[in-house]
């Protein structure tokens, strides 16, 4: 557990809202540069797990380690500065700031870049995420695909070592999805570790090397995507189709 | 177009304003001094409510504290009133620390009530300061303002009586305060902190996720505006010459008017307070003979703005014309030549 | 003869984002219809558009020939369409019984459903009726949400994601109430991610993807592969 | 014995503050609206009672009965025509609109009735007092406290025992889902503000009968009322009563120490309570 190799490590993390156990004794290690996918039915506690990792929620028990350091008591701001970036399931842009400024905030605060370093860093991300042409547009007016790209780009601008993607492909068309997956592959190729919650399975499985299934807040399975998807209990719980 | 226009017209405007004590009447100087001070308060309140989301109705606390600290510096500690100004600003900022500690516990609208209670506590507490006249207040010692640093120089410059020179000096100080505050606000809002503040205003959840600490930024703005408001309070009461708890901690004069000025001009915009103070001054002149009617009109305008033009006059103008001569935005760096195949 | 609930060319937007693209559906009297699809397929938006919570940007919704799509949510409820919203959305300040009673706020005439009949349908709620609604288990809360929606005696009951976060045994218990509801004269539309459950209870099944209906038919005529493809948009 | 007397006087005063605060508490509990004009509306109510009494020659208690429906209608209209338009995520518009309203009402009263202070002529009852165990209490102050308790009891009954109260609570919990029940939030809000002004009228009766009033006294009374609401716990009516009593007792003890300290000690009690219990004495579980 929490071996020296792991960049992020969850140890027996549990969380309840009243009587509802939304996360139950979840443990896993994420290796540097690894891409892990999370699936599970709605209400399985996937987004709660992200909120626990980012510090928006405090676990009732268990520990969260970043590079072997216990960050369980740290605020979202501190964890961001330590290298955890996230995208939100429902895009949360800074509406009245331009696309570029959205990234600039992230680079200056979470990314801890100086006024001199930040512009080039942001420009590079804008180019990689296909947002360069929209750099000076107000973020509030963007259509969905570009909002999703902005979520991704802004998370990247904080210079994370682990990036959490929450249903970033949801609601996109097939073509848009392919474009976004290419960008995520690019981020992965640069050595950033990824944890990705997604319902669009074919997008997910084209990037991740391990898949975790959550159900009722419990980790049902974790392993190679093919093996996990072939497991009968996963087919039953996830699709409701008795195999 | 706007970008070349603005840097040119502003210095001209300031220069014109600076000449008022030389060519204008004393009454006009005193009038405009009050207008400039209200603008200083408005710029501070706008920063607080419009940019940091801290809707305070207790800023009169810092006006009064600044004024009382200035009086104490002069009367009790024998300092020059100008030095007293600085003391006033510093004391206001120092007292803002416990005030923030208390009021930041209250959320949203109840923050407003909390600041109001604090201001009333300050008023009542300063009423107990017998050395400064207690509940009835006191005056600056005869000659304190006229012997103030710089008065002799001003007199040499523009002639006239000592009292006129005091008016001119306080007027210039107020004008300088306005200019400094405008530039400082602009620089602050374009800085890292300002960018973070605007991010928090748009979406606090996302701001935290990219490493911005909303509480820290808000506390910083609260302290800085307490400093600005405290200095302005000191300056106001050098000119007025007499202090009492009722006058120094007046909700109507130092907060209510200021709120209307900012709302009418455009809350959360830099030029908004300037536009607002012009409208306010115009209305005041127009309705000078009908004191209460004037206040009713002001209240109705405030309500109408919130119902029909929430961004105020300046915000509405920017929205309608697309022109923004004082942009706060950061332009993206020029993109390198596209390399996509 | 037109259907009870008839939806034609329905479109809906969130800002610039189009969530529904010309949806056509018809629900007959006494029928149970299921709409299945993955997250983000537009199922919940469809429910919200029908009930007036989300604004409709094009097309029409009609109940027994009467147009609903320009009405406000409280008026659509009065017209006879009631919803069990996603996540139940019980009122935490109200007890179980009060949650049921609030459903009768705009009760239409004297219909079949009364407190007594609801307690017969879900006996556990009678025992728990004085407790705060949030003190109940997820399944019991779902029963309250269904009961609350029935108390207005609607012609059409829309159920959004009933099985969300519930254990299979609880889901079966809840769906066991459906025949009674149907026999009371209320037509039902369920939105489900639980395909197996949907196939079991529905007379008609529609599959949604990316804001469109991609597959329709009776459960016995649809193959598992066809559903799988419609659900994920890939060829397995 | 002097301390017991002070305590009793404080409780009586607290009753008045609880009356000022009850309407605010109701409105905040249902729609999260902070009404900065509430104090001035109470003063308006006092002038209305005075006006009705002067024109008809009726006793203020009867005149207040006639004023109740007028004030209800005013509240209903105010909410429906004005305040409903500014409710929302942004707290600034309702704050500024009610602030503007406060200035308008105050100065309109000033034009209509001048700055002279008035008092409601309640007759001989004003000077009467009752021996109550070891202390003697004025009839009017006692009546104020009893009325405050009654108002809170009645509001609680409405809130927890009637269909309207159920709709109040449901709308407060979740306005969107409430619409799915056929509830129209805007008319619910209008009803709530109407009731709040009915309570304000009762407060106005005691305000005007116990001491002099003039158009400018609204904001200061409002401040005590807000303190009562906040330290009571937002949205809790019994908490508001408790909050009013705490402020009243603190002010009475302050005044007993030094007449200049009355208000100051009340404020300090407010600060002290919040430092110890940031969410007030009786916070709601789900907020």
| task | Select from B:289, B:31, B:324 the residue whose mean-square fluctuation is largest in a Gaussian network model of chain B (Cα-Cα springs shorter than 10 Å). | result | B:289
| Of B:142, C:200, how do they rank once you tally other Cβ atoms within 10 Å and put the fewest first? | B:142, C:200
| remark: If one builds a Gaussian network model of chain D from Cα atoms under 10 Å apart, the most fluctuating residue listed among D:42, D:202, D:188 is D:188
| request: Using only C-alpha positions, report the orientation-averaged shadow area of the convex hull of the protein assembly as shown, nm², one decimal. | output: 49.7 nm²
| field | Nearest-ten-degree value, helix B:272-286 long axis tilted from longest Cα axis of chain B | value | 50 degrees
| field | Whole-percent pair-distance distribution, where bins are 5 Å wide, for the alpha carbons of the range A:91-159 | value | 4, 22, 35, 25, 12, 3, 0
| remark: Computed over chain B: longest principal axis from alpha-carbon atoms vs helix B:312-321 long axis, angle to nearest 10 degrees, is 30 degrees
| Among A:160, A:32, A:232, which one shows the biggest mean-square fluctuation in a GNM of chain A, springs joining Cα atoms closer than 10 Å? | A:232
| Order of D:284, D:221 from fewest to most other C-beta atoms within 10 Å? | D:284, D:221
| Span from the the range D:123-190 Cα centroid across to the the range D:1-77 one, whole angstrom | 11 Å
| message | Taking the 0 to 90 degree range and rounding to the nearest ten, how far is the long axis of helix B:291-308 tilted relative to the main principal axis of chain B, both from C-alpha atoms? | response | 10 degrees
| In what sequence do D:276, B:212 fall when counting other Cβ within 10 Å, fewest first? | D:276, B:212
| query | Could you state the per residue volume, in Å³, of the convex hull enclosing the Cα atoms of chain D? | reply | 136 Å³
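Each reported figure results from applying straightforward, stated rules to the coordinates on display, with no laboratory input. Quantities reported herein were computed from a predicted structural model and do not represent experimental measurements. Backbone-built Cβ (ideal geometry, glycine too); neighbour counts: all protein chains shown.
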